[in-house]
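Below is one structure, written out as structure tokens; the observations come after it.
The values are calculated or read from the model by the stated rules, or taken from the named source; none is laboratory data. Keep in mind that what you see is a predicted model, and the values were worked out from it rather than measured. Using ideal geometry, Cβ is built from the backbone for each residue, glycine included, and neighbour counts are taken over all protein chains shown. Side chains included, ligands, DNA and RNA excluded: accessible areas come from the protein's heavy atoms. Shrake-Rupley method; radii C 1.70, N 1.55, O 1.52, S 1.80 Å.
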Amino acid sequence: MDHFRLLSFGDHGWGDELLIGLGVTLALAICTLPFAIILSFLVHWAKVSRYRMLRSFGMLYTTVFKSLPEILTLLILYYQAQAIIGWLIQSVIPGAHFSISPFVAGMISLSLVISAYGSEVVRAALGAVGNGQFEAAQSLGLSPRIAFIKVILPQLWRHALPGFGNLWIILLKDTSLVSVIALSELTHVAGLAITTTRQPFVFYGLIAVIYVLLVTLSATAQKRLERRVNLGFTRTET
Amino acid sequence: MFDLYLDYIDRWSHGLWLTASMSTLSVLIGFLVALPIGFVRSRAKGPLAWLAIAYVNLFRGMPLLVLMFLVYYGFGQFNSELRAMGLWWFFRDAYFCGMLALVLNTSAYQAEIIRGSLDTISTSVIETNAALNLTRWTAFRRVLLPIAFAKALPPLGNEYILMVKATSLLAIITVFDLMGEARTIFSETLDLGVYYVAAIHYLVLVLAIEWTLRRVEARFKWMA
């Protein structure tokens, strides 16, 4: 059939290009996740800090990044970072040129947005572990840092998993927005394929299916992980 | 930055109006679509339930941007067939296509919210309905639905805010909402301040909606 030729690998088809696009999509999501999680903790700590400045900064951070559309955050960050860093480099080395890569811009803005939601996941998970654990660790003479790493974090994981799992799925889907600043991930590659082949339904339909599969796969993996980490805590449903 | 707002005030207010109206409309239509799907997800078994699961997983699983492209550009590929069916006026228009994509997306999420709130109504309520000899339809309409609605109100409010943000994607398929207006003004002025003006619009709009939602939620809290 004609459509199979469109999706074949090699010079005539778009199969290999789409596969690379899928790789970029996954790479972006996977690279963003650790930063987003670390930022979530930092934002949460800012929000419960004993310094008032830090607390209001944390509040402002979540309000802003939860209210702005992801695409607007992305565009502002992409152009503004370009302008500021370009200006800085110009003042050091006149005539030098700088451009931020869409991949990095996507990573930063997605981390910002996801961590705004993630800080609430952290808050809920810490609340579920309870302050008593921390106090007990301290009374045993553990330093706050060790107490957090050795006592709180291993217990936190179980409670934070559903929240971060959902955020991972949101992150996976939000990578499609980075196509707007011309990162050649899945959605962008499909757009390119359509400009030459004029088969929008085939390509957009195909990538829609790919995204649905990725999300379904993630959700299944998440459910299995949750069952695993909850072994011994809750009755497992059959 | 302030003059960027004043110079283009007509366009900004048009964009704001479009963003507010399209997101509100899509949430309301989406709710009507989601109600039967959520009910089926909560109560039904068999083929109907599978259909509902497929609907929810399909439209929650793909990015809204891809869904918009699929509806607007994808269906455009069949313009002769659509013309023959007399549906071309719908799929030709970016507003209608964007609206359809938004409704499909939000109804899938709202269906899960409605399912969740129907599932958490305690069995004693259902037993009380039986004890009062209410017919199933009356019990559903007068008791279960109001309780489910009160329970669903906070997550539905979140969904509304997510939709306000999601309408910004309409700009990519040439709808002139806030984001669309910002993009055209930016292409004329090449001033980054334009996006900050748009950001302030979104911030104010979302905060205003949140404030309103909190007041509405407070009124329904006793029932949830």
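Give, as residue ranges, the helices (runs of 4 or more DSSP H) completely inside segment B:1-101 that count at least 2 residues that are among the polar types (S, T, N, Q).
B:9-43, B:79-85
If you check B:Thr19 against the conditions, is it under 24 Å from B:Phe186 (Cα atoms) and among the hydroxyl-bearing types (Ser, Thr, Tyr)?
Spelling it out, B:Thr19 is indeed under 24 Å from B:Phe186 (Cα atoms) and among the hydroxyl-bearing types (Ser, Thr, Tyr).
Just the residues that are touching a Gly at 6+ places or on another chain (Cβ under 8 Å) and part of a helix (DSSP H, G or I), please, taken from segment A:46-73.
A:Ala46, A:Lys47 - these are the residues of segment A:46-73 that are touching a Gly at 6+ places or on another chain (Cβ under 8 Å) and part of a helix (DSSP H, G or I).
Being part of a helix (DSSP H, G or I) and crowded, with 21+ Cβ neighbours inside 10 Å narrows it down to one residue among B:Thr167, B:Thr184; which is it?
Every option except B:Thr167 fails the conditions.
Given the criteria more than 29 Å from the chain's Cα centre (by Cα), in a helix (DSSP H, G or I) and either surrounded by fewer than 18 Cβ atoms within 10 Å (Cβ to Cβ) or not aromatic (Phe, Trp, Tyr) (or both), does A:Ala125 qualify?
Here the answer is no, as A:Ala125 does not meet what is asked.
Would you confirm whether or not segment A:217-234 contains a residue that is under 18 Å from the mean Cα position of the chain (by Cα) and among the polar types (S, T, N, Q)?
yes
Failed condition for A:Val189, given (1) more than 10 Å from chain B (Cβ to nearest Cβ); (2) in a helix (DSSP H, G or I); (3) under 20 Å from the mean Cα position of the chain (by Cα), with all others met?
So A:Val189 meets the others, but not (3).
Looking at (1) part of a helix (DSSP H, G or I); (2) open to solvent by 30 Å² or more (accessible area, probe 1.4 Å); (3) touching a helix residue (DSSP H, G or I) at 6+ places or on another chain (Cβ under 7 Å); (4) not small (Gly, Ala, Ser), find the lone condition where B:Lys221 falls short.
Failed condition: (3).
What are the residues in segment A:197-213 that are in contact (Cβ under 8 Å) with a residue 60 or more places away in the chain, open to solvent by 30 Å² or more (accessible area, probe 1.4 Å) and either away from every other protein chain (no Cβ under 14 Å) or assigned to a helix (DSSP H, G or I) (or both), if any?
A:Thr197, A:Leu206, A:Ile210
Give the residues of segment B:33-59 that are closer than 29 Å to B:Ala94 by Cβ and surrounded by fewer than 21 Cβ atoms within 10 Å (Cβ to Cβ), sorted by residue number.
Hits for segment B:33-59 are B:Val33, B:Leu35, B:Pro36, B:Ala54, B:Tyr55, B:Asn57, B:Leu58.
Does A:Gln82 satisfy being in contact (Cβ under 8 Å) with a residue 12 or more places away in the chain, surrounded by fewer than 17 Cβ atoms within 10 Å (Cβ to Cβ), assigned to a helix (DSSP H, G or I) and in contact with a Phe, Trp or Tyr (Cβ under 9 Å, 6 or more places away or on another chain)?
Taking the combined requirement at face value, the residue satisfies it.
Which of the residues spanning segment A:214-223 are surrounded by fewer than 16 Cβ atoms within 10 Å (Cβ to Cβ) and touching a helix residue (DSSP H, G or I) at 6+ places or on another chain (Cβ under 8 Å)?
A:Thr216
Which of (1) open to solvent by 60 Å² or more (accessible area, probe 1.4 Å); (2) within 23 Å of the chain's Cα centre (by Cα); (3) more than 22 Å from A:Leu171 (Cα to Cα) does A:Pro144 not meet, given it meets every other one?
If we test A:Pro144 against (1) open to solvent by 60 Å² or more (accessible area, probe 1.4 Å); (2) within 23 Å of the chain's Cα centre (by Cα); (3) more than 22 Å from A:Leu171 (Cα to Cα), just (2) comes out false.
Residues to consider are A:Ile30, A:Ile76; find the one that is within 14 Å of chain B (Cβ to nearest Cβ), closer than 30 Å to A:Ile194 by Cβ and not in a loop (DSSP other than H, G, I, E, B).
Result of the check over A:Ile30, A:Ile76: A:Ile76.
With A:Val212, A:Val180 as the choices, which residue is closer than 30 Å to A:Ser119 by Cβ and at pLDDT 95 or above?
One residue alone meets the criteria, A:Val212.
Regarding A:Phe9, is this residue open to solvent by 60 Å² or more (accessible area, probe 1.4 Å) and of a type in the set (A, V, I, L, M, F, W, C)?
yes
Would you check which residues across segment B:164-179 are more than 9 Å from A:Pro69 (Cα to Cα) and touching an Asp or Glu at 6+ places or on another chain (Cβ under 8 Å) and list them?
B:Leu170, B:Ala171
Would you mention how many residues in segment B:59-72 are without any contact (Cβ under 8 Å) to a residue 12 or more places away in the chain and either more than 7 Å from chain A (Cβ to nearest Cβ) or not hydrophobic (A, V, I, L, M, F, W, C) (or both)?
The total comes to 2.
Tally time: how many residues in segment A:93-122 are open to solvent by 20 Å² or more (accessible area, probe 1.4 Å) and at pLDDT 85 or above?
Qualifying residue count for the region: 10.
Could you list all residues from segment A:140-165 that are of a type outside the set (A, V, I, L, M, F, W, C) and without any contact (Cβ under 8 Å) to a residue 12 or more places away in the chain?
A:Gly141, A:Ser143, A:Pro144, A:Arg145, A:Pro154
Search segment A:176-186 for residues being more than 9 Å from every other protein chain (Cβ to nearest Cβ) and hydrophobic (A, V, I, L, M, F, W, C), and hand back the single one that is most open to solvent (accessible area, probe 1.4 Å).
Here the answer is A:Ala182.
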